[in-house]
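The values are calculated or read from the model by the stated rules, or taken from the named source; none is laboratory data. None of the values given here were measured: they were computed from a predicted structure. Cβ atoms come from the backbone with ideal geometry, glycine included; neighbour counts cover every protein chain shown. With ligands, DNA and RNA removed, areas are computed over all heavy atoms of the protein, side chains included. Shrake-Rupley method; radii C 1.70, N 1.55, O 1.52, S 1.80 Å.
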Amino acid sequence: MGVTCVSQVPVAEGKSVQQTVELLARRLEALGAEKQGTFGVDCETYHTAAALGTQGQTGKLMYVMHNSEYPLSCFALFENGPCLVADANFDTLMVKLKGFFQNAKANKIESRGTRYQYCDFLVKLGTVTMGPSARGISVEVEYCPCVIANDCWNLLMEFMQSFMGSHTPGIPSVFGSKHDSAYSPGDTMVQYMELFNKIRKQQQVPVAGIR
């Protein structure tokens, strides 16, 4: 587990989501990256049951997430809150807690795609979907040998620029709280939570595409 950056890439002008993913894949393969299987990250939203809500107080949202890189783990996150790492049976527990947390089934969102290995970098190009429709593109880049974010951000950014160009992201907000402490899988899941929430909220407006 190295330091990871998760970001969104806009759909290329005149292209579909799938065509843009293929364009990014060709750029990676031109660099010499090799396919290394597939990946998936999913997120279900739970809200506090109405019966528990205090009058005038907004109910909290909890996000229950899975990552194919960690098949035995389940991640539970609150916005601006802690990240709980539990075993896969946590999903069963949530069913038993339905009196406290209700599943907003229509809000399930996931990213699935192909993993690529390039030297010490692991790249995952994903199509983000809600229900049957593609909503966006996720790019996850991991620098495997390092666990201190501040020590390798410049290297990560330089590599991302080689195939993302002007859509290379800024430093993730989760890095700001790490300082010199070790990066963890939970930090990656926080980034996916933020990405999924951003995609949920996006309006259907034209965006500058990849050229």
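Within region 9-30, the set of residues being surrounded by fewer than 20 Cβ atoms within 10 Å (Cβ to Cβ) and outside any loop (DSSP other than H, G, I, E, B) comprises V17, Q18, Q19, E22, L23, A25, R26, R27, E29, A30. E142 satisfies every condition listed in (1) part of a helix (DSSP H, G or I); (2) of a type in the set (D, E, K, R); (3) at pLDDT 95 or above except (1).
Under the condition of being closer than 11 Å to V3 by Cβ and either open to solvent by 50 Å² or more (accessible area, probe 1.4 Å) or aromatic (F, W, Y) (or both), the residues counted in region 145-170 number 6.
List the number of the failed condition for L195; all other conditions in (1) surrounded by fewer than 18 Cβ atoms within 10 Å (Cβ to Cβ); (2) touching a strand residue (DSSP E or B) at 6+ places or on another chain (Cβ under 7 Å) hold. Tallying (1) surrounded by fewer than 18 Cβ atoms within 10 Å (Cβ to Cβ); (2) touching a strand residue (DSSP E or B) at 6+ places or on another chain (Cβ under 7 Å), L195 fails exactly one: (1). Being charged (D, E, K, R) and over 30 Å from V11 (Cβ atoms) is the filter here; which residues of region 75-126 pass it? Across region 75-126, the qualifying residues are D87, D91, K96, K98.
The set of residues from region 1-52 being in contact (Cβ under 8 Å) with a residue 12 or more places away in the chain and of a type in the set (K, R) comprises K15, R27, K35.
Among the residues of region 155-165, is there at least one that is over 15 Å from the mean Cα position of the chain (by Cα), among the small types (G, A, S) and farther than 23 Å from E79 by Cα? Within region 155-165, one or more residues are over 15 Å from the mean Cα position of the chain (by Cα), among the small types (G, A, S) and farther than 23 Å from E79 by Cα. Among the residues of region 31-46, the ones that are open to solvent by less than 80 Å² (accessible area, probe 1.4 Å) and more than 20 Å from the chain's Cα centre (by Cα) come to 3 in all. Note on region 146-175: residues that are touching a helix residue (DSSP H, G or I) at 6+ places or on another chain (Cβ under 9 Å), assigned to a helix (DSSP H, G or I) and more than 24 Å from T20 (Cβ to Cβ) total 6. There is at least one residue in region 110-118 that is over 21 Å from G186 (Cα atoms) and of a type in the set (F, W, Y). Within region 61-102, restricting attention to residues that are in a loop (DSSP other than H, G, I, E, B) and at pLDDT 90 or above, the residue that is surrounded by the most Cβ atoms within 10 Å (Cβ to Cβ) is E69.
One residue alone among Q191, Q117 is among the polar types (S, T, N, Q) and within 12 Å of the chain's Cα centre (by Cα), and that residue is Q191.
Among residues of region 122-134 that are more than 14 Å from N107 (Cα to Cα), those with a Cβ under 8 angstrom from a residue that is of a type in the set (A, V, I, L, M, F, W, C) and open to solvent by 30 Å² or more (accessible area, probe 1.4 Å), sequence gap 6+ or separate chain, pair up as L122/C144; T127/A134. Of the numbered criteria (1) among the aromatic types (F, W, Y); (2) at pLDDT below 95; (3) buried (at least 18 other Cβ atoms within 10 Å of the Cβ), the one F121 fails is (2). Being among the aliphatic types (A, V, I, L, M) and closer than 17 Å to V85 by Cα is the filter; apply it to region 171-192 and report the residue that is least open to solvent (accessible area, probe 1.4 Å). Checked region 171-192; the qualifying residue least open to solvent (accessible area, probe 1.4 Å) is M189. Comparison of R135, R112 shows that the only residue that is open to solvent by 60 Å² or more (accessible area, probe 1.4 Å), out of contact with any helix residue (DSSP H, G or I) (no Cβ under 9 Å at 6 or more places or on another chain) and either part of a strand (DSSP E or B) or acidic (D, E) (or both) is R112.
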